[in-house]
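A.B. asks: Attaching a single structure in structure tokens format; questions to follow.
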Amino acid sequence: QLDPFYASIILFVGRAWDAITDPMVGFFISKTPWTRFGRLMPWIIFSTPFAVISYFLIWFVPDISRGQVMWYLIFYCVFQTLVTCFHVPYSALTMFISREQSERDSATAYRMTVEVLGTVLGTAIQGQIVGKVVTPCIQSPLFISETNTSASMRDVNMTHYTGSLTDTRNAYMVAAGVIGGLYILCAVILSVGVREKRESSELQSDEPVSFFRGLKLVMNHGAYIKLITGFLFTSLAFMLLEGNFALFCTYTLGFRNEFQNILLAIMLSATLTIPFWHWFLTRFGKKTAVYVGISSAVPFLIVVVVLDSNLIVTYIVAVAAGISVAAAFLLPWSMLPDVIDDFKLQHPDSRGHEAIFFSFYVFFTKFTSGVSLGISTLSLDFAGYQTRGCSQPSEVNFTLKMLVSAVPVGLILLGLLLFKLYPIDEEKRRENKKALQDLR
């Protein structure tokens, strides 16, 4: 029951907070001594229980008339910080399990397949538990006459609304408990099943340098800057699409009862096609895979807006979007280890900066998610969006078309243009691999 404006403020502040915590966590990880569990695994183990508690409190509605904004702002920032303590070392594990580029690429493909599968599982759990609560849509006041009969009907509807709101709150907390349990289970499997190899990331000539000098070196590395900039725009495009596709299906296309299945089609398509993109990048190269995979969504995004409402066409677009989503999230992560190898060759006297590379990558992932949610919420609020309304003004339908088609297409084209500047092709990868072997 928060005003959409305050919800946007919470999201923006939370992402700004990430701008501070992500590099700080990377710094502390780079300074963490090796233990019998490794350097990264203790961060994952100790952050997990606190992350689960803060996640549950995000979905809890406190019984206070004032201060709800501060409640959600505080616990949202705490949760984002604890997720950083998990996600940065988890992502950086790729560099600590093997020296071989092919093995790192394979590990990245497996990791992204399971991450997308986890998103499908989370979507299904949240959708099924919360979806069982009947939440009737609300008629616009313009269509309610001021008669005694309509007044009494409004009283009945309000009573029904209050009861369903309580049930919805309880359903969200149940879903949070289930997902929190899965969080703990997966963290246990990870900590028991994965072992870090200290020698995988170190060179014979390594000498420690200060964090701030290392940070300056990392942020001045041209290949890294070009990669994360292209990644920023393509990720924002697909997050805008995913974040608004349910509303687009419900109001603009009129498929109120199908949007959960359509969203599931996107995520299942992404899960199933990640192995294909892993084969494609090994066969044709990573830059070619980026161009083909991400650009393949553009014609379908245009078609879904131009053509009249059609359920079959919508499902085809959903599957096509999922194929591109798989490429957009797998390929930049598989290219990051190549950038780190390139950095090591240019700066052989620096070591321990893997966490810094991955921390900024994690930050941009969460930053694009927050920017996407903020843009969507503010745009729809300005367009006159009515929460849980049975219908929406024409301005809202136009805004939704922009958010799922025109804006993502523009961001995809901009991101691909930036990827064009990325200097590490397949020939450069092979040269770096041989040079690193000689250096070791």
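The values are calculated or read from the model by the stated rules, or taken from the named source; none is laboratory data. Keep in mind it's a predicted model, so treat the numbers as computed, not measured. Please note: Cβ atoms are built from the backbone with ideal geometry, for glycine as well, and neighbour counts cover all protein chains shown. Keep in mind that these areas ignore ligands, DNA and RNA; they rest on the heavy atoms of the full protein, side chains included. Shrake-Rupley method; radii C 1.70, N 1.55, O 1.52, S 1.80 Å.
A.B. asks: So if I check each of Phe343, Phe364, which one is open to solvent by less than 10 Å² (accessible area, probe 1.4 Å), assigned to a helix (DSSP H, G or I) and of a type outside the set (D, E, K, R)?
C.D. replies: Just one listed residue meets the conditions, Phe343.
A.B. asks: Does at least one position in segment 49-58 carry a residue that is at pLDDT 90 or above, closer than 27 Å to Thr271 by Cα, in a helix (DSSP H, G or I) and open to solvent by less than 10 Å² (accessible area, probe 1.4 Å)?
C.D. replies: Checked segment 49-58: at least one residue is at pLDDT 90 or above, closer than 27 Å to Thr271 by Cα, in a helix (DSSP H, G or I) and open to solvent by less than 10 Å² (accessible area, probe 1.4 Å).
A.B. asks: Quick one: in segment 388-402, which of the residues that are hydrophobic (A, V, I, L, M, F, W, C) and modelled with pLDDT of 85 or more is surrounded by the most Cβ atoms within 10 Å (Cβ to Cβ)?
C.D. replies: Only one residue tops the list, namely Leu400.
A.B. asks: Something else about it: Quick one: which residue in Thr282, Thr288, Thr250 is assigned to a helix (DSSP H, G or I) and at pLDDT below 85?
C.D. replies: Step by step, each of Thr282, Thr288, Thr250 is checked, and only Thr250 is assigned to a helix (DSSP H, G or I) and at pLDDT below 85.
A.B. asks: Do we find a residue being more than 14 Å from Leu236 (Cα to Cα), of a type in the set (A, V, I, L, M, F, W, C) and outside any helix (DSSP H, G or I) anywhere in segment 377-396?
C.D. replies: yes
A.B. asks: Right, next: Pairs only if they're at least six apart or on different chains, beta carbon under 9 angstrom, first in segment 247-275 and touching a residue at least 40 places away in the same chain (Cβ under 8 Å), second open to solvent by less than 20 Å² (accessible area, probe 1.4 Å) and not in a helix (DSSP H, G or I); list them, first residue then second.
C.D. replies: From segment 247-275, the pairs are Tyr251/Gly389.
A.B. asks: Restricting to segment 230-247, count the residues that are open to solvent by 40 Å² or more (accessible area, probe 1.4 Å) and either among the aromatic types (Phe, Trp, Tyr) or not in a helix (DSSP H, G or I) (or both).
C.D. replies: Qualifying residue count, segment 230-247: 1.
A.B. asks: Mind checking which residues of segment 21-48 are of a type in the set (Lys, Arg) and either outside the structural domain of Met95 (by the TED database) or surrounded by 15 or more Cβ atoms within 10 Å (Cβ to Cβ) (or both)?
C.D. replies: Residue satisfying the conditions is Arg39 alone.
A.B. asks: With respect to Thr81, is the statement that it is among the β-branched types (Val, Ile, Thr), open to solvent by less than 20 Å² (accessible area, probe 1.4 Å) and either assigned to a helix (DSSP H, G or I) or in contact (Cβ under 8 Å) with a residue 24 or more places away in the chain (or both) true?
C.D. replies: The answer is no for Thr81.
A.B. asks: Of the residues Thr288, Thr271, which single one is in the same structural domain as Val319 (by the TED database) and open to solvent by less than 50 Å² (accessible area, probe 1.4 Å)?
C.D. replies: Being in the same structural domain as Val319 (by the TED database) and open to solvent by less than 50 Å² (accessible area, probe 1.4 Å) holds for just one of Thr288, Thr271, which is Thr271.
A.B. asks: If you go through segment 299-308 one residue at a time, do you hit one that is assigned by the TED database to the domain that holds Ile266, open to solvent by 60 Å² or more (accessible area, probe 1.4 Å) and in contact with a Leu (Cβ under 6 Å, 6 or more places away or on another chain)?
C.D. replies: No, because not a single residue in segment 299-308 is assigned by the TED database to the domain that holds Ile266, open to solvent by 60 Å² or more (accessible area, probe 1.4 Å) and in contact with a Leu (Cβ under 6 Å, 6 or more places away or on another chain).
A.B. asks: In addition: Can you tell me which residues in segment 403-440 are open to solvent by less than 40 Å² (accessible area, probe 1.4 Å) and farther than 25 Å from Thr368 by Cβ?
C.D. replies: Arg429, Asn432, Ala435, Leu436
A.B. asks: If you don't mind, another one. Just to check your reading of the model, which residue among Asp18, Asp63, Asp3 is within 21 Å of the chain's Cα centre (by Cα), of a type in the set (D, E, K, R) and assigned by the TED database to the domain that holds Thr168?
C.D. replies: The conditions single out Asp18.
A.B. asks: Then there's this: One residue is enough: does segment 94-103 have a residue meeting the conditions hydrophobic (A, V, I, L, M, F, W, C) and either out of contact with any Asp or Glu (no Cβ under 8 Å at 6 or more places or on another chain) or in a helix (DSSP H, G or I) (or both)?
C.D. replies: Among the residues of segment 94-103, at least one is hydrophobic (A, V, I, L, M, F, W, C) and either out of contact with any Asp or Glu (no Cβ under 8 Å at 6 or more places or on another chain) or in a helix (DSSP H, G or I) (or both), which makes the answer yes.
A.B. asks: In addition: Check off (1) of a type in the set (Phe, Trp, Tyr); (2) over 25 Å from Leu403 (Cβ atoms); (3) more than 21 Å from the chain's Cα centre (by Cα) for Phe382 and give me the number that stays unchecked.
C.D. replies: Phe382 satisfies every listed condition except (2).
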